[in-house]
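Participant: Pasting in a structure now, in structure tokens, and then I'll have a few things to ask.
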Amino acid sequence: MLYHFSEEAHIDVFVPRAKQNQPDVPAVVWAIDEQHEYSYYFPRDCPRIVLRRNVEISDEHQDLFFKYTDADIIVTVESEWYSRIVNQTLHRYHFPEISFRLFDETAGYYISDQVITPSCIERIDHLMDRLIARGVELRLTTNLYPLRDAVLKSDFQDFGIHRFNHAKQP
């Protein structure tokens with residue numbers, strides 16, 4: 001099953017649209033797979049960094065990002081977003097997979113160039129509880145820039161940086 005998360009409760013159809021930050025990608029409908037949906041248990045504009053431990057993690061990256069946790073997934077957000085995360089209600093739109101193709105395996109992104117009618121719409125509350133149930137470690141920080149810089153300066157590949165244009169300037 002593929003999903004699309006939105007704060008909007010009543011979207012009847014999804015029409016392909018161009019993404020402003022990816023001008024080389026044609027107009028598409030975006031979806032995420034079940035394995036990676038946790039990265040969307042946040043308000044839409046919440047800046048966040050997702051780190052995923054894999055079996056091939058180097059000792060350097062283990063020490064740099066995962067030294068004091070046994071979690072395989074860490075999501076870091078700025079602390080000012082905490083109350084919005086706790087109080088956010090989302091809607092998970094279920095999509096049939098038939099017209100989608102894999103766009104990014106690491107992130108679990110799929111795209112379709114067709115108009116999509118959701119097969120089901122589900123209200124999603126208690127986002128923090130959902131993250132905990134998935135084994136995600138949620139970290140709060142006053143500013144995401146130091147972590148982003150550390151990730152980008154490393155050769156660590158299993159990460160996602162979402163909505164960073166909404167991060168607080170250092």
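Participant: Among the residues of the range 47-66, is there at least one that is touching a helix residue (DSSP H, G or I) at 6+ places or on another chain (Cβ under 6 Å) and outside any strand (DSSP E or B)?
Facilitator: Yes - at least one qualifying residue is present in the range 47-66.
Participant: Which of the residues that make up the range 142-161 are closer than 18 Å to Arg52 by Cβ and among the hydroxyl-bearing types (Ser, Thr, Tyr)?
Facilitator: Scanning the range 142-161 gives a single hit, Ser154.
Participant: Restricting attention to the range 149-165, and to residues there that are more than 15 Å from the chain's Cα centre (by Cα) and of a type outside the set (Gly, Ala, Ser), which single residue is surrounded by the most Cβ atoms within 10 Å (Cβ to Cβ)?
Facilitator: Here the answer is Val151.
Participant: Any idea which of (1) buried (at least 18 other Cβ atoms within 10 Å of the Cβ); (2) of a type in the set (A, V, I, L, M, F, W, C); (3) part of a helix (DSSP H, G or I) is the one Ile132 doesn't satisfy?
Facilitator: (1)
Participant: Any idea how many residues of the range 58-80 are in contact with a Phe, Trp or Tyr (Cβ under 9 Å, 6 or more places away or on another chain) and surrounded by fewer than 19 Cβ atoms within 10 Å (Cβ to Cβ)?
Facilitator: Result for the range 58-80: 4.
Participant: Still on this structure, I have one more. Is there any pair linking a residue in the range 82-97 that is under 13 Å from Phe14 (Cβ atoms) and in contact (Cβ under 8 Å) with a residue 12 or more places away in the chain to one that is exposed (fewer than 14 other Cβ atoms within 10 Å of the Cβ) and among the aliphatic types (A, V, I, L, M), with Cβ under 9 Å and at least six apart or on different chains, and which?
Facilitator: His91/Ala9; His94/Met1; Phe95/Met1; Pro96/Met1
Participant: If you don't mind, another one. For the subset of the range 1-29 comprising residues that are touching a strand residue (DSSP E or B) at 6+ places or on another chain (Cβ under 6 Å) and part of a strand (DSSP E or B), which member is nearest to Leu131 (Cα to Cα)?
Facilitator: Phe5
Participant: Name the residue that is nearest to the chain's Cα centre (by Cα), counting only residues in the range 67-85 that are part of a helix (DSSP H, G or I) and farther than 11 Å from Arg139 by Cα. If you could, list the steps in order and put the result at the bottom.
Facilitator: Going through the range 67-85, the residues part of a helix (DSSP H, G or I) turn out to be 79-85.
Retained after the next criterion (residues that are farther than 11 Å from Arg139 by Cα): 80-81, 83-85.
Values: Glu80: 18, Trp81: 15, Ser83: 18, Arg84: 16, Ile85: 13 Å.
Filtering first and then ranking leaves Ile85.
Participant: One residue is enough: does the range 37-54 have a residue meeting the conditions within 23 Å of Asp12 (Cβ to Cβ), at pLDDT 95 or above and of a type in the set (A, V, I, L, M)?
Facilitator: No: the range 37-54 contains no residue that is within 23 Å of Asp12 (Cβ to Cβ), at pLDDT 95 or above and of a type in the set (A, V, I, L, M).
The values are calculated or read from the model by the stated rules, or taken from the named source; none is laboratory data. It should be emphasised that the depicted structure is a prediction, and the values quoted were computed from it without experimental measurement. Glycine gets a Cβ as well: all are built from the backbone with ideal geometry, and neighbour counts include every protein chain shown.
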